[in-house]
Amino acid sequence: MPHLISLLALDGCFASNVVGTVDLLHSANLIGANRDPPLGPVFEWQVLSLDGRPVRASNGYFLPVDAALKNAPSAKVVVIPALSIAEPGRLGERLDRHRPLLPWLRAQHRTGVTIAAVCSGSFLLAESGLLDRKPATTTWWLAPQFEKRYPKVALDCASMLTNGGRVICAGTGMSHLDLALHLIEKYGSRALAKLCAKYVVLDSGRRSQAPYTVLNHLRSDDPLIVKAEKWVRANLQRNISIEDIAAHVAVSPRTLARRFKARTGDSPQAFLQKMRLETSKALLENTALRTDQILDRIGYGDDSAFRRLFKRHTSLSPRDYRKRFGIRK
């Protein structure tokens, strides 16, 4: 008997999260039917909205739906799509708009349904309380807001997918593809998921979104932080201390630490380390510099320590990172 998947269509959601997931589930059925021996349909799906009416996605297109939440049969999995949030300051407003969804999510979970969320959709899952004391991930650039808003949730923003039993989170906006492959493997088979990935040319081995983080997007609007960052970027080759940064922006090291933590979620030391890593990533992507030359540029003296740090933060070695993201001539 096919497994029924409910895909939520919400105003301002990523259309691809709904349509792209349907495409992969449909592909799984087609590929399964052509295996030897052939498989019957593995999946069925339904697209639901709060009131049963079509919704306008973030790209302006309307998504047709099959039913309203209250009229839909219970499914094996409910998928919450990503919401388009251009500015973190408008996050609360977007969540409030979809608050009527939360009691339904909790009721579905109580009956044994698995609830999955993509990207910023994990905020709605956290708002429901279903992620408390569970692992979660979300898009990396909203991680500081997530950690502050949901201190009871174990955020693992480096992971592409987290599984807390019957609550699943996927990372950035296009990670609905990783989630769909996960569902195909779970309710079909690993072999079927691998075949689907090959047919649609997807990397089925993406376990981390850390290599895709862009530090510049996490910049603060605090003038002190901006001033400190500009100075650090211009002096990365030096052996910079926190006292040096504090002196440049004319505050005490304690004040600097407090402002950094409040505005970025990091200590000045951690932020400095991230800036060095971000610069090393850019040099690996855009130059042919050797690793030792890159270390000179970022003020890092210990090659083995750098390689361990780079692997921990990106899940790739510097060499593998350059192979994946470097400019090919």
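The values are calculated or read from the model by the stated rules, or taken from the named source; none is laboratory data. These numbers were taken from a predicted model, which means no experiment stands behind them. Every residue, glycine as well, gets a Cβ built from its backbone with ideal geometry; the counts of neighbours run over all protein chains shown.
Things to note:
- Exclusive hit being farther than 20 Å from E93 by Cβ and of a type in the set (K, R), set R149, R133: R133
- Residue match in the stretch 153-171 (condition: in contact (Cβ under 8 Å) with a residue 60 or more places away in the chain and within 20 Å of S315 (Cα to Cα)): yes
- Residues in the stretch 277-302 that are of a type in the set (K, R), closer than 17 Å to L316 by Cα and either in contact (Cβ under 8 Å) with a residue 40 or more places away in the chain or outside the structural domain of P318 (by TED's automatic domain parsing) (or both): 1 in all.
- Single condition T255 does not satisfy, out of (1) buried (at least 17 other Cβ atoms within 10 Å of the Cβ); (2) among the β-branched types (V, I, T); (3) at pLDDT 90 or above: (1)
- Every condition in (1) in contact with a Ser or Thr (Cβ under 7 Å, 6 or more places away or on another chain); (2) surrounded by fewer than 17 Cβ atoms within 10 Å (Cβ to Cβ); (3) not aromatic (F, W, Y) is met by K274 except one, and the failing one is (1).
- A residue that is under 27 Å from W231 (Cβ atoms), touching a residue at least 24 places away in the same chain (Cβ under 8 Å) and not in a helix (DSSP H, G or I) cannot be found anywhere in the stretch 305-327.
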